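Read-outs: derived from the displayed coordinates by stated rules, not from any lab. The shown structure was predicted, so the numbers you read here are calculated from the model rather than taken from an experiment. All Cβ positions, glycine included, derive from the backbone under ideal geometry; neighbour counts span all protein chains shown.
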Amino acid sequence: MRIPLRRRLAATATALGLTTLAALGAGTAPAQAAASDCPKGYFCAWKTDDATGSMFKTTTSIGTLGTWNDQFRSVSNRTDRFACLHDDPDHGYDGSVWSVAPTPSGTEWGGPGSNSVSSVRLVATERECGGYEAYPEWSANEQAAAPAFGDLNGDRLSDVLTRDTAGRLWFLPGNGTGKLVGSGGWNAMNALTRHGDFSGDGREDVIAREASTGKLWLYRGSGTGSVGSRLLIGSGGWNAMNHLTAFGDLTGDGRSDLLAVEKSTGRLWLYPGTATGALGARKLIGTGGWNGLNALIGFGDMTKDGKADLLAREASTGKLWLYPGRTGGLGSRVLIGSGWGVMASFLAVGDHTGDGHGDLVAVSGPGYSSPVFRGAGVRIEYDGRATNGFAAGHPESDGWFGLNGTF
Ligand SMILES: [Ca+2]
Ligand SMILES: [Ca+2]
Ligand SMILES: [Ca+2]
Ligand SMILES: [Ca+2]
């Protein structure tokens, strides 16, 4: 239960609504017998190692603990949020911070056992215990040379959408901030993809697969980074597919199309977008072997022929391949580079550097190492070249950990 945070950012503590000492006193319960006495919805702590005796409890963040300062030895978190236990008062970051995962329906308990906790903060995601926002920082370098791919709000700056572990959706316009565009429930989706316009209004849209039903939903982009009402575009069966990839227009009708790999056969299917926003009859564009590729990236036009292209990573080799778009299908693949196996995910960000070439962002997995950063959660930018492929990557941030999908 004692979880040291991997990363901590000094001097960025965000003071939330802190309760007063008086409220703390009101939350202090009389002597209790067991950890199970911690009520659902509360964070509780005890001065003993076995969760017995006098019990502290709270449903809100608390900046100073009064008589409970430096007293916590065992804790139970029956809220639905992470409890951040700060050695500093007022949720400071000079000392250690522990995060305790939510176990709202359980009676698990454990402890810092440190007699060092001086303030408690309840937050939606573990990242926030470390002083980070729930979303990662995203900076769009330059306006794209042309209105393009990767831009949800039409300002020619590449945007990112990210889902946090609490199931919220954030729009990152590229100035380091995040705007909440989905207040919850997105964890019901087990695939998220965007790129290109499916609804026919010229704005980028989001496609999501509902895990429990295998239904496919189109969330129409509003043009401001948020998504509007959803439209059912697949009535079921989509859990049989892998690597759902909103791609851009492959059929040549100006509407974005969807690619997906059939898990049972390794076939690659093209689902054409139509005038109604629904998907047309699917077309086989890859006869097999696509299960050997463990990342598909709808990249936009790398080859500069006006047709969207696909990048795909080969699982066994870590090689990245370019599959150039042809009208209605894909051409022969071209090797882009090796060593990509260490990356956890990819993000096509359009022309992020303003030179007319599409760029790629990768987020590292645990095996990553560079002179600047190492480990999982490093954002690495790869600038597109005039010819196919990318310049050497440059790591930009190590704050892309503990997320739940960026796309
Ligand atoms: Ca934008
Ligand atoms: Ca649209
Ligand atoms: Ca199309
Ligand atoms: Ca192309």
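Applying a threshold of 8 Å to beta carbon distances and a minimum spacing of six or more residues, or different chains, the list of pairs starting in the stretch 250-274 at a residue that is near ligand 3 (Cβ under 7 Å from one of its atoms) and ending at one that is among the basic types (Lys, Arg) and not in a loop (DSSP other than H, G, I, E, B) reads Pro272/Lys283. Scanning the stretch 206-224 for residues that are crowded, with 23+ Cβ neighbours inside 10 Å and closer than 19 Å to Arg168 by Cβ returns Val206, Ile207, Ala208, Tyr219, Gly221.
For the stretch 288-324, residues that are on the phi < 0 side of the Ramachandran plot, assigned to a loop (DSSP other than H, G, I, E, B) and near ligand 4 (Cβ under 9 Å from one of its atoms) total 7. Within the stretch 88-100, residues that are at negative phi and crowded, with 22+ Cβ neighbours inside 10 Å have Cβ atoms under 7 Å from residues that are of a type in the set (Lys, Arg) and not in a strand (DSSP E or B) in these pairs: Val97/Arg8; Trp98/Arg2, counting only partners at least 6 apart in sequence or on another chain.
Taking the stretch 54-87 as the range and being small (Gly, Ala, Ser), surrounded by 17 or more Cβ atoms within 10 Å (Cβ to Cβ) and either in contact with a helix residue (DSSP H, G or I) (Cβ under 6 Å, 6 or more places away or on another chain) or assigned to a loop (DSSP other than H, G, I, E, B) (or both) as the test, the residues that pass are Ser61, Gly63, Ser76. With respect to the conditions (1) within 16 Å of ligand 2 (Cβ to nearest atom); (2) assigned to a strand (DSSP E or B); (3) more than 23 Å from the chain's Cα centre (by Cα), Gly277 falls short on a single one, namely (2). For beta carbons closer than 6 Å, sequence separation of 6+ or different chains, a first residue in the stretch 68-79 that is closer than 11 Å to Ala101 by Cα and a second that is of a type in the set (Lys, Arg) and surrounded by fewer than 22 Cβ atoms within 10 Å (Cβ to Cβ), the qualifying pairs are Arg78/Lys40.
Checking the structure you have, find out if any residue of the stretch 231-244 is within 16 Å of ligand 3 (Cβ to nearest atom), buried (at least 17 other Cβ atoms within 10 Å of the Cβ) and farther than 28 Å from Gly339 by Cβ. Yes, the stretch 231-244 contains a residue that is within 16 Å of ligand 3 (Cβ to nearest atom), buried (at least 17 other Cβ atoms within 10 Å of the Cβ) and farther than 28 Å from Gly339 by Cβ. When Met343 is tested against (1) out of contact with any Phe, Trp or Tyr (no Cβ under 8 Å at 6 or more places or on another chain); (2) surrounded by 15 or more Cβ atoms within 10 Å (Cβ to Cβ), exactly one condition is not met: (1).
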